[in-house]
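The structure appears below as structure tokens.
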Amino acid sequence: MTKSVVIVAFDQMEVLDFAGPYEVLTTCNRVALKAGDVEPFHVQSAGVSHHVVARAGLSFVVDSRLEDLAEADILIVPGGVTNGAEKDERLLAWIRSMSASVEYTVSVCTGVFILAVAGVVTSEKVTTHWEDIEELAQRFSTLDVQKNVRWVDEDWLMTSAGISAGIDLTLHLVQKVCSREIAETTARQMDYFWHE
């Protein structure tokens, strides 16, 4: 059964926080099709507007505006410079609503700050980029912030450390949704050493 995945896009997000999970999931689809299976994931991006300027100036167009997507199976929130996203009530309300109905909510790097501001995470085990661990623990003292890990899996909630760790976490997600074999084959297809 194909899982619908929405990756949130916002101005000043980290490019690899977005593109890493996207590449893992779409490569997994190619691996599955080659093996004669159906695509495990239907991946799309959504943002407050169709046009997003990521950190370092990369500009691109997202698939849908937030209001055009009301449901999904998996929600992925990238990180980056999250100051603007943390103040965007429209974005926060949409993330709250989506997180309440999806099977898995996933954050990469500082995306967990957005989830915390939105009230999606309150006391769970989480992680983030090593540089932001202390700030996360100070600003959201009820969270159980984990240091020196690539990702944390709380079943419905998965959070990763910084940037490239989002690739590792998404391979873990592939393993949960599909199988260990497909996750390993996806990593191999990407020529990527999976840091578990």
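Readers should treat all values here as calculations from the given coordinates under stated rules, not as data from a laboratory. Keep in mind the model is a prediction, meaning the values are calculated, not measured. For neighbour counting, all protein chains shown are included, and Cβ atoms are generated from backbone atoms with ideal geometry for every residue, glycine included.
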Task: For the chain, built as a Gaussian network whose Cα springs stay under 10 Å, the top-fluctuating residue of 88, 68, 144 - done: 68
Task: Mean Cα-pair separation over length for the chain, i.e. relative contact order, pairs under 8 Å, 6 or more apart, % - done: 21
Open item on the list: Can I get the semi-axes of the stretch 4-71's equivalent ellipsoid? Compute them from the C-alpha gyration tensor as square roots of 5 times the eigenvalues, in angstrom, largest first.
Closed with: 24, 15, 7
Open item on the list: Counting other beta carbons within 10 Å of each residue's own, what order do 157, 33 fall into, fewest first?
Closed with: 33, 157
Open item on the list: Please report the antiparallel percentage of DSSP beta bridges with both residues in the chain, rounded to the nearest 5.
Closed with: 25
Task: Stretchable slack from residue 35 to residue 196, in nm (0.36 nm times residue separation minus alpha-carbon distance) - done: 55.5 nm
- [ ] Using per-residue counts of other Cβ atoms within 10 Å, averaged over each peptide, order 160-167, 24-31, 92-99, 103-110 from highest down.
- [x] 103-110, 160-167, 24-31, 92-99
TODO: Please compute the net charge surrounding residue 162, taking Lys and Arg as +1 and Asp and Glu as -1 over other residues with Cβ under 15 Å from its Cβ.
DONE: -4
- [ ] Sort 185-191, 112-118 for me by packing, meaning the mean count of neighbouring Cβ atoms within 10 Å per residue, highest on top.
- [x] 112-118, 185-191
Open item on the list: Quick one: 3J(HN,Hα) in Hz for the stretch 136-143, Karplus 6.51/-1.76/1.60 with θ = phi - 60°, rounded, Gly and Pro as x.
Closed with: 4, 5, 6, 6, 10, 5, 7, 6
Task: Amide proton proximity set for residue 151, modelled H, under 5 Å, gap of 5+ - done: 161
Task: Pair residue 101, residue 89: separation of 7 Å Cα→Cβ label points (nm) - done: 2.2
Task: Fraction of beta bridges assigned by DSSP in the stretch 102-196 that are antiparallel (%, nearest 5) - done: 40
TODO: For the stretch 57-65, just list the computed ³J(HN,Hα) in residue order, Karplus coefficients 6.51, -1.76 and 1.60, θ = phi - 60°, integers in Hz, with x standing in for Gly and Pro.
DONE: x, 5, 10, 7, 10, 8, 6, 9, 7
TODO: Measure nothing but the geometry: give the 0 to 90° angle between the long axis through the Cα atoms of 89-101 and the longest principal axis through the Cα atoms of the chain, rounded to 10°.
DONE: 50
Open item on the list: How much length would be gained if the chain were fully extended between residue 141 and residue 64, taking 0.36 nm per residue of separation minus their Cα-Cα distance, in nm to one decimal?
Closed with: 24.3 nm
